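One structure is given below, encoded as structure tokens.
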Amino acid sequence: MGGPLDEPDGNWWDNPVNRRESIWLGIAGAWSLAIFGWMSGFTRFGDQNPIGQTYEVDPDAYQQRVAAYKEEADETEEGRLLPPGDSVYVGGRRFDWDGLPVVLEAGREYDIHLGAYDVQHGFSVRPEENLSKQINLQVFPGNEWVVPMTFEEPGTYRVICNEFCGRGHNSMSGHFVVEEA
Ligand code: CUA
């Protein structure tokens, strides 16, 4: 017997596989099938975050939708939007989030419509008191993504862009203000 890189002695390739090795191969094969099935089952029956619906939309048409929504929404004294219904529109563009800041009610489910006007942006939402708790979604020009979201806790939720989109990327931010209903 030499080192691990030396060829083994004798005619090893015609030897039958050792019975114990076959058993372990069988166990490993069965186990990999079991965890593969587990993954697939968990995707279907597990408690998943809602992934919403996506629609193809011309970026300009999406920008007009956001403008129409803003037109319909009321505004607070601080210049924050009050959505007219359960739909909230956010448009990413270099270098801000059109439609933000917006005031939402805690515990109410909203359909958050996400899209971009120019390039890909990263929509990252974090509660101010714990910025490491976050959700991150990618928004693309040409797609409208409708994600159901409920903010359980009142507070300020920062929205930043976490996809590099140009020189003003680091200043691309907005926020949700969630108030007790
Ligand atoms: Cu938008 Cu980075």
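Computed from the coordinates by the stated procedures, all read-outs in this text should not be read as laboratory data. Since we're looking at a predicted model, the values are computed, not measured. Please note: Cβ atoms are built from the backbone with ideal geometry, for glycine as well, and neighbour counts cover all protein chains shown.
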Angle between the chain longest axis and helix 59-72 axis [Cα atoms, degrees, rounded to 10]:
50
Working from Cα positions, state the angle (0 to 90°, nearest 10) between the long axis of helix 19-45 and the longest principal axis of the chain.
10
Environment charge at Arg94 (Cβ cut-off 12 Å; Lys +1, Arg +1, Asp -1, Glu -1):
-2
Note, the range 140-155: 3J(HN,Hα) by Karplus (6.51, -1.76, 1.60, θ = phi - 60°), whole Hz, Gly/Pro = x, goes 10, x, x, 10, 10, 10, 9, 10, x, 9, 10, 9, 6, 9, x, x
How would you classify the range 77-181 from its alpha-carbon gyration tensor, with a ≥ b ≥ c the square roots of the eigenvalues: rounded for a/c under 1.5, else prolate if a/b is greater than b/c, otherwise oblate?
prolate
So how much slack lies between Arg108 and Asp86, counting 0.36 nm per residue of separation and subtracting their Cα-Cα distance, in nm?
7.1 nm
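Seen from all sides and averaged, what is the projected area of the convex hull of the Cα atoms in the chain, in nm²?
Orientation-averaged projected area of the Cα hull: 18.3 nm².
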Taking a ≥ b ≥ c as the square roots of the Cα gyration tensor eigenvalues, with a/c under 1.5 meaning rounded and otherwise prolate when a/b beats b/c or oblate if not, the range 41-89 comes out oblate
Quick one: which residues, 5+ away or cross-chain, put their amide H under 5 Å from the amide H of Phe123? H built at 1.01 Å from N.
Leu137, Gln138, Val139, Asn162
Which loop chymotrypsin sites (Phe, Trp or Tyr not before Pro) in the range 96-181, with loop taken from DSSP, have no more than 15 other Cβ atoms within 10 angstrom of their Cβ?
Phe164
Evaluate the distance, in nm, between pseudo-label points positioned 7 Å from the Cα of Thr76 and of Lys133 along their respective Cα→Cβ axes.
2.0
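When Lys and Arg each count +1 and Asp and Glu each count -1, what net charge do the other residues less than 10 Å away from Ala106, Cβ to Cβ, add up to?
Charge balance near Ala106 sits at -4.
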Round to the nearest 0.05 the FRET efficiency obtained for His169 and Asp9 when R0 = 45 Å and r is the Cβ-Cβ distance.
0.15
